[in-house]
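Student: The structure follows.
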Amino acid sequence: MAALFELFYQPGAKEWRSKVGVAGKADGSGKPTTRLLAADGWVLKTDIARAREGGDELREELERMADLARRTTLWHPTKQWAVMRTSDGYLPLSVCRELQTLRAVTPLSARLDAWTRMISFGVQTHIERGVGLDLNPSNFGFERPEERLYYLDDETSPRLGWAELASAIVSRLPEEPEADDLALWRGWGAELGPILEPICGGALVELDAELRRYPLHSRFAERRDALLEGLARPRRRRAGRGEPELTCVLADVHGNLPALEAVLDAAQSAGVDSYIFLGDAVGYGPWPGECVARLAELPRAACVRGNHDHAIATGTIHTGMNSLARRAATWTIEQLGAPERAWLASLPLEHRAENWLAVHGAPKDPNRFLAYVYELTYEDNIQHVAGMELSICLYGHTHVPFVHERSAAGGIRKLRAPAAWALGERQVALVNPGAVGQPRDGDRRAAFALWDRRAGSMSFHRVPYRIEDTLRAIRARGLPEELASRLEEGR
Ligand code: ZN
């Protein structure tokens, strides 16, 4: 502490005013409330926006940060935090060796490398520590260019959001006024692809939307296009050759064509080469025939029969259906022609391949499409799948994305609406991708999963769709109003 105190009073200590409040290319802090003092190779930093009247609250905040610093290597080993009392209250103070920030890296090719390392650092920290960093080149530095990066900022968040990640990438584009060579940005995109893979799973769906949404002057639009092209490059795969590599897993379309189209578009841009459809193409929604047609033409698709498909194909409106489902099923039968009903009737109750099984309802159920996988039944169903010597059972019917997994040692993990999941060794899992056309987990966007067949990992996705079109069609076709309101609420 005494040494810290001495630093303040070094004759050579100088305040770095020119480095505060600068956004963009210049080296420094974008926050106008930051105060920096450089002294004898050290940097002292505070943020007047974080002033507190009492010292205890601040001390707790800094304790948490110091604890994170002890458990990780985010910050330079010399970094220390202290609470400073001033006439205006308490301020957080940090001191760290002066490092070179990524802003100061030259030439441009080295700067691009440094940004790639920064983004990789952010992605890994999010995955391994559940900590989000502010990914800005001013916030990262190193002692020597070939050595590791350190985080210079003091702020962290509970996760790295898609919008923050997209901003860390796209906001680099206008910072280089001279870099008009599109091949450069395409190349950077291609380099980022594999780095983003662990956070995006098999596809860039959510990140892609944010990368396109990030506000950018039209002058840089071509750079963004080139970047996106580069990012998509390694994942553009071709259907129809060899083993499936990336499979779109979807369930419970329920006659909601705009939702189905949004999912198929997203899956296609992710580069899928195959499909697994877990049943309930029809029932509830206003476009049963169109949905059957779209599903029937999917290339390399394994499809199974849902309870609604069964009732409508065979004309046996099941007594187990509630009155809403029965009314919708009766209406649906009238809409379908013989070919569509024949396609529904041709669907098998289950599809079994390699180490996995696909059903609509529950694997243990004799007809596979009526019973549910839920709190009271998942253990029996996992046991059943293990007994079949399979590792994965894909199912739908509950309309909620979910993974139940059992480890070799018998430990159970339940993941509701996970972002990503991977099959461990000697594990057995029940996996539900959520519903395309009628989500019931409070999120009205269409749900699906992408299964990376080589890595054995799945990513779970939500895409918005033109829900107003579906609501309008439900009302125009005289289907029960409750079908519209539940779609709106996602329940
Ligand atoms: Zn369903």
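The values are calculated or read from the model by the stated rules, or taken from the named source; none is laboratory data. Since the structure is predicted, the reported quantities are computational estimates derived from the model, not experimental observations. Virtual Cβ from ideal backbone geometry, glycine too; neighbours counted across all protein chains shown. Only protein heavy atoms, including side chains, enter the accessible area calculation; ligands, DNA and RNA are left aside. Shrake-Rupley method; radii C 1.70, N 1.55, O 1.52, S 1.80 Å.
Student: Those residues that are in a helix (DSSP H, G or I), open to solvent by less than 20 Å² (accessible area, probe 1.4 Å) and more than 25 Å from Ala419 (Cβ to Cβ), I need them from segment 160-187; list them, please.
Tutor: Of everything in segment 160-187, those that are in a helix (DSSP H, G or I), open to solvent by less than 20 Å² (accessible area, probe 1.4 Å) and more than 25 Å from Ala419 (Cβ to Cβ) turn out to be Leu173, Trp185.
Student: Next question. Considering only residues that are outside any helix (DSSP H, G or I) and crowded, with 18+ Cβ neighbours inside 10 Å, look in segment 327-348 and name the one that is nearest to the chain's Cα centre (by Cα). Give the steps one after another, and end with the answer.
Tutor: Taking segment 327-348 and keeping what is outside any helix (DSSP H, G or I), we get 336-337, 347-348.
Now narrow it down to the ones that are crowded, with 18+ Cβ neighbours inside 10 Å: 336, 347.
Values: Leu336: 37, Leu347: 32 Å.
So, considering only residues that are outside any helix (DSSP H, G or I) and crowded, with 18+ Cβ neighbours inside 10 Å, the one nearest to the chain's Cα centre (by Cα) is Leu347.
Student: Can you name the residue in segment 380-407 that is polar (S, T, N, Q) and away from the ligand (no atom under 16 Å from the Cβ) and, of all such residues, is nearest to Arg440 (Cα to Cα)?
Tutor: Once the filter is applied, the top-ranked residue is Asn381.
Student: Among the residues of segment 476-491 satisfying the criterion of being of a type outside the set (Gly, Ala, Ser) and touching a Pro at 6+ places or on another chain (Cβ under 9 Å), which is nearest to Glu210 (Cα to Cα)?
Tutor: Filtering segment 476-491 for residues that are of a type outside the set (Gly, Ala, Ser) and touching a Pro at 6+ places or on another chain (Cβ under 9 Å), the one nearest to Glu210 (Cα to Cα) comes out as Leu487.
Student: Going by the conditions given, is Leu483 within 20 Å of Glu261 (Cα to Cα) and more than 16 Å from the ligand (Cβ to nearest atom)?
Tutor: no
Student: If you don't mind, there's one more thing I want to ask. Does Gly410 satisfy the condition of being surrounded by fewer than 17 Cβ atoms within 10 Å (Cβ to Cβ) and either within 18 Å of His384 (Cα to Cα) or within 16 Å of the ligand (Cβ to nearest atom) (or both)? Please lay out each step first, then the result.
Tutor: Working: surrounded by fewer than 17 Cβ atoms within 10 Å (Cβ to Cβ): yes; either within 18 Å of His384 (Cα to Cα) or within 16 Å of the ligand (Cβ to nearest atom) (or both): yes.
Here the answer is yes, as Gly410 does meet what is asked.
Student: Search segment 426-473 for residues being more than 16 Å from the ligand (Cβ to nearest atom) and in a helix (DSSP H, G or I), and hand back the single one that is surrounded by the fewest Cβ atoms within 10 Å (Cβ to Cβ).
Tutor: Residue satisfying both the conditions and the ranking: Glu468.
Student: Quick check on segment 266-281: of everything there that is touching a residue at least 60 places away in the same chain (Cβ under 8 Å) and more than 18 Å from Ala358 (Cβ to Cβ), which residue is nearest to the ligand (Cβ to nearest atom)?
Tutor: So the residue we want is Ala266.
Student: If you don't mind, there's one more thing I want to ask. Does Leu370 satisfy the condition of being within 15 Å of the ligand (Cβ to nearest atom) and either touching a Lys or Arg at 6+ places or on another chain (Cβ under 6 Å) or closer than 21 Å to Glu425 by Cβ (or both)?
Tutor: No: the conditions fail for Leu370.
Student: Would you pick out the residues in segment 322-355 that are under 16 Å from Ala281 (Cα atoms) and without any contact (Cβ under 8 Å) to a residue 40 or more places away in the chain?
Tutor: Once the filter is applied, which keeps residues that are under 16 Å from Ala281 (Cα atoms) and without any contact (Cβ under 8 Å) to a residue 40 or more places away in the chain, segment 322-355 yields Arg326, Thr330, Ile333, Glu334, Ala338, Pro339, Arg341, Ala342, Ala345, Ser346.
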